[in-house]
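The values are calculated or read from the model by the stated rules, or taken from the named source; none is laboratory data. Because the structure is predicted, anything quoted here is derived from the model rather than measured. All Cβ positions, glycine included, derive from the backbone under ideal geometry; neighbour counts span all protein chains shown. Surface accessibility is based on the protein's heavy atoms, side chains included, excluding ligands, DNA and RNA. Shrake-Rupley method; radii C 1.70, N 1.55, O 1.52, S 1.80 Å.
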Amino acid sequence: MSDKILITGANGQLGTELRKVLPNAIFADINVLDITDLNAVKKFVNDNGIDVIVNCAAYTAVDRAEDDIEAAKKINEDGVLNLALSGAKIVHISTDYVFDGKNYAPYQEKDEANPLSVYGKTKRAGELAVLDNAKIAIVIRTAWLYSTHGNNFVKTMRRLGAERKNINVVIDQIGTPTFAGDLAQAIATILPQINETNKGIYHYTNEGVCSWYDFATEIMNLSGLSCKVNPIKSSEYPTKAIRPFYSVLSKEKFKNVFNIEIPHWKESLVKCLKQF
């Protein structure tokens, strides 16, 4: 592919995985490009002849965002608008937190967004900024992202599993873990296919469904850790931001439009754990 690609938020989990599959892209984090500065964004895109932006930059501290509203809005909404106004094609990464989690069947792209947290609301505003202002744009909602890099559930469970005899994990929040390496590969695969006709929102997570308790149990088992995982209710583990109780995303549209097969979360967890 001859398009000049810019990856923003390049030092996060997804950006790090994208380095493996898109080695010729330009990788920019905050120290290289501040996406909240429109002039800086336009200059960077022009100076480097950027055709496509994959935006992995985000304010993701979900609980902190409840108090730090301005900072979350600046990155998740204003910064995304700036990228959308740059004139480049956009692939923007969004989240299951745009839903309220009250569904009983996997969320489809056309289902109504109803975010309950500041994080979710700012991410939803970012989606709309992209779709309203970029001519060619794909929004990919994902969930429960993990890898060998950065802060994530898998790394936390492995650390706690090595330190403790038992641990409590919520059983009443249901979703799908997603290996950042799989998402990165999917993005690299679809980039040449993106055009005005397939503009819109798509869902990508691994296949399957589980609770955080199930996920934690599988991590302990596959990592050979003897730490016992105890199931608890969310009410026993209160957090500042409201989490969606059910956030399984339907991947049918992504698979059909881009002709991609998606691996099961257990299969991908094995793949990730081998990299540690």
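In a shell of Cβ-Cβ distance under 13 Å around G208, excluding G208 itself, what net charge do Lys and Arg (+1) and Asp and Glu (-1) give?
Net of charged neighbours comes to -3.
Segment 56-90 to segment 235-253: how many Å between their Cα centroids?
Taking the Cα centre of each part, segment 56-90 and segment 235-253 sit 20 Å apart.
Modelled label-to-label distance, Q275 and N166, 7 Å Cα→beta-carbon offset: nm?
Inter-label distance under the simple model: 3.4 nm.
Rg(Cα) of segment 1-124 divided by 2.2 N^0.38 Å?
That works out to 1.11 for segment 1-124.
What are the residues whose amide H is under 5 Å from the amide H of I174, where those residues sit 5 or more places off or on another chain and H is modelled from the backbone?
Amide H neighbours of I174: Y246, S247.
In straight Cα distance, which aspartates and glutamates are under 19 Å from K255, not counting same-chain residues fewer than 8 positions off?
Output for K255: D96, E109, D111, D182, E196, E207, E267.
Take the alpha-carbon positions of the chain, form their convex hull, and give its projected area averaged over all directions (one quarter of the hull surface) in nm².
Projected over every direction and averaged, the Cα hull of the chain covers 13.8 nm².
So how strong a dipole does the chain carry about its Cα centre when Lys and Arg Cβ are +1 and Asp and Glu Cβ are -1, to the nearest 20 debye? Could the numbers behind the result be given before it?
Working: 32 positive and 32 negative charges, 121 e Å.
Once rounded to the nearest 20, the dipole reads 580 debye.
Please give every one of the lysines within straight-line cross-link reach of K165, meaning a C-alpha to C-alpha distance under 22 Å, and leave out same-chain neighbours fewer than 8 residues apart.
Partners found: K155, K228, K233.
Within the chain, which is the longest segment containing none of the GluC sites (Glu not before Pro) that sit in a DSSP loop and have at most 14 other Cβ atoms within 10 Å?
Details: sites that count: E112, E261.
With GluC sites (Glu not before Pro) excluded where exposed in loops, the chain gives 113-260 as its longest stretch.
Can you work out the PRE-style zone for N103? Point 7 Å along Cα to Cβ, and I want the residues of segment 231-253 with backbone N under 17 Å.
243-253
Mind listing the long-range amide H neighbours of V169? Cut-off is under 5 Å, sequence gap 5 or more, other chains count too, H placed in the peptide plane at 1.01 Å from N.
Close amide H contacts, sequence-distant or interchain: N230, I232.
Determine the per residue accessible area of the chain with all protein chains present and a 1.4 angstrom probe, expressed in square angstrom. List each step's numbers first, then the result.
Details: 12550 Å² over 276 residues.
I get 45 Å² per residue for this part.
Who wins for biggest fluctuation among T189, T16, T176 in a Gaussian network model of the chain, springs between alpha carbons below 10 Å?
Judging by the Gaussian network model, the answer is T189.
Name the long-range amide H neighbours of I140: under 5 Å, sequence gap of 5 or more, or other chain; modelled H, no Pro or chain starts.
HN-HN under 5 Å from I140: H92, I93, S94, Y202.
Quick one: of the DSSP bridges fully inside segment 146-256, what percent are antiparallel, nearest 5? Walk me through the numbers on the way to the answer.
Working: 2 of 9 bridges.
Restricted to segment 146-256, the bridges split so that about 20 percent are antiparallel.
What's the tally of Lys pairs in segment 1-81 whose alpha-carbon atoms lie under 24 angstrom apart, where the two lysines are 8 or more places apart or on different chains? Spell out each step's value before the answer.
Values: K4/K20; K4/K42; K4/K43; K42/K73; K42/K74; K43/K73; K43/K74.
So the count of such lysine pairs works out to 7.
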